1. Please specify each residue of region 453-473 satisfying the condition of being over 26 Å from the mean Cα position of the chain (by Cα) and either assigned to a helix (DSSP H, G or I) or at positive phi (or both).
2. Of all residues in region 421-444, how many are over 21 Å from P357 (Cα atoms), in contact with a Pro (Cβ under 9 Å, 6 or more places away or on another chain) and buried (at least 19 other Cβ atoms within 10 Å of the Cβ)?
3. For R176, indicate whether it is assigned by TED's automatic domain parsing to the domain that holds K312, among the basic types (K, R) and not in a loop (DSSP other than H, G, I, E, B).
4. How many of the residues in region 246-298 are in contact with an Asp or Glu (Cβ under 7 Å, 6 or more places away or on another chain), surrounded by fewer than 23 Cβ atoms within 10 Å (Cβ to Cβ), without any contact (Cβ under 8 Å) to a residue 40 or more places away in the chain and in a loop (DSSP other than H, G, I, E, B)?
5. Return yes or no: is A163 within 22 Å of the chain's Cα centre (by Cα), buried (at least 16 other Cβ atoms within 10 Å of the Cβ) and not in a loop (DSSP other than H, G, I, E, B)?
6. Only one residue in V127, V159 is touching a Gly at 6+ places or on another chain (Cβ under 8 Å) and either without any contact (Cβ under 8 Å) to a residue 40 or more places away in the chain or assigned by TED's automatic domain parsing to the domain that holds A294 (or both). Which one?
7. Given the options G237, G219, name the one that is loosely packed, with under 15 Cβ neighbours inside 10 Å and outside any helix (DSSP H, G or I).
Amino acid sequence: MSYPRVASLKTATAFREYLQKIGAAIAFDDVLDPPASSPLGRPFELDGVRTGNRFCILPMEGWDGTPDGRPSDLTRRRWQHFGLSGAKLIWGGEAVAVQFDGRANPNQLVIAETTKPQLAALRDTLVTAHREAFGANADADLYVGLQLTHSGRYAQPSVKGRAEPRVAYAHPLLDRRFPAGLTMMSDDDLDRLVDRFVAAAKEAHDAGFAFVDVKHCHGYLGHELLSARSREGRYGGPIENRTRFVRNVTAGIRAAVPGLGVVVRLSAFDMMPFRKSDSGVGVAEDPGAPYRSAFGYLESDAHLETALADAKELLGIFEGLGIRWVCVTAGSPYYNPHMQRPAMFPPSDGYLPPEDPLVGVARQIAGTAILKRAFPNLAIVGSAYSYLQEWLPHVAQHNVREGLTDFVGLGRMVLSYPQLPADLLAGRPMQRKAICRTFSDCTTGPRLGLVSGCYPLDPFYVAHPDAEKLKALKGD
């Protein structure tokens, strides 16, 4: 499968014509507004919270903490870059496990009383960098949270490469990928985990974070519980049971830490798991078969509205709970990454994209816009913008101005080009050599046992000892 690189679409006419050719409904502004009138620089206010602009740093899973769950110098460098970015909404900063068995890798951060001082210092690193770059009072409209997670099916807490999955229900397709066996979490296990999430939220509050994200995306435990229709007991079956976890966590946090914000990052729709075909291109694992193990099953893009019925029902529940900040994403990096993070180049264990990645970007923009229209009183963050590359600010400006999203979320782009928001908000041209081209080495490295960073574009990681190891492992 061969698609033109985004960088080759150099004019607005060329980009628009190509989008029309492939049926990717992405609207954009040909010209960027001056900083003083840009929608991207407009403050946002909700529920007594004010953020100074419309850029959001999305939480990413770290692979460079210490074995006991504390930040390393590499972690601190990344958080310093978050502060230097100029973005005013830091959505959880990083996926932090609430207990050891919930880590997705043996170097993921863990929140506990023993690690709380280091996490507080990590936040301070971000805020200090932001003040030094943008002024002594620049953090007055900076909103910084921490993402709390249990990796569930994708837990790998002890040894790199050794899965220790803890699942919500028996999955007809994904269970095949764990031949060594899985541990089914009981209702009592989940009750105890609710208590642990509440305790972790208290620890995050003590460390200075303004909110916590109760993670419900990408196939991790919270997300998997949403599709646990076949599960028996208190946490499975009807929607009341499948949302019991997030409802009980939210109620517990409100009782224990009434001043702490509660937000959710949500995979709002999903599709069947994909696998690598003989040609290397991703294909549906069981095409044509009925698939009932999804929250928001997307059969085809023509049925996106239908697929979002689950998410709409959930957002209605969130409004009733007072959860008014929601970050929208889709799918999972483990079983359909072309949906979750559109990219030209897959990681070493991935598959070639079965569609032009711009189609995946358009899908997430459209899904986010549908939810924003349905829930105008929620603060909505959009995802999947990095693949737009040079056209990212043009699409972002249009989407925020037209109310298709409230915030533009940046993930991988921040690893290669942390100052992108600051440059755009100051009217400076983009630094083309720093723009993320979705080479996926930031994923390939960790999956091969190395630290995560942008090896192709970040000079620090270009010179890192793991860069040569990565080349050797990839056969470059």
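1. Let us first name the residues in region 453-473 that are over 26 Å from the mean Cα position of the chain (by Cα), namely 463, 465, 468-469, 471-473.
Those that are over 26 Å from the mean Cα position of the chain (by Cα) and either assigned to a helix (DSSP H, G or I) or at positive phi (or both): P465, E468, K469, K471, A472, L473.
2. Residues in region 421-444 being over 21 Å from P357 (Cα atoms), in contact with a Pro (Cβ under 9 Å, 6 or more places away or on another chain) and buried (at least 19 other Cβ atoms within 10 Å of the Cβ): 2 in total.
3. Yes.
4. 0
5. Numbers: within 22 Å of the chain's Cα centre (by Cα): yes; buried (at least 16 other Cβ atoms within 10 Å of the Cβ): yes; not in a loop (DSSP other than H, G, I, E, B): no.
So A163 does not fit the description; no.
6. Numbers: V159 fails: touching a Gly at 6+ places or on another chain (Cβ under 8 Å).
None of the others qualify; the one that does is V127.
7. Values: G219 fails: loosely packed, with under 15 Cβ neighbours inside 10 Å.
Answer to the selection: G237.
Rundown of residues vs (1) among the polar types (S, T, N, Q); (2) assigned to a helix (DSSP H, G or I); (3) closer than 30 Å to V326 by Cα; (4) over 25 Å from the mean Cα position of the chain (by Cα), yes/no style:
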{"position": "P4", "(1), (2), (3), (4)": "no, no, no, yes"}
{"position": "A7", "(1), (2), (3), (4)": "no, yes, no, no"}
{"position": "A14", "(1), (2), (3), (4)": "no, yes, no, yes"}
{"position": "A24", "(1), (2), (3), (4)": "no, no, yes, no"}
{"position": "D29", "(1), (2), (3), (4)": "no, no, yes, yes"}
{"position": "A36", "(1), (2), (3), (4)": "no, yes, yes, yes"}
{"position": "L40", "(1), (2), (3), (4)": "no, yes, yes, no"}
{"position": "E45", "(1), (2), (3), (4)": "no, no, yes, no"}
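The values are calculated or read from the model by the stated rules, or taken from the named source; none is laboratory data. The model shown is predicted, which means the values in this text are computed figures rather than measured ones. We place every Cβ from the backbone using ideal geometry, glycine too, and count neighbours over all the protein chains shown.
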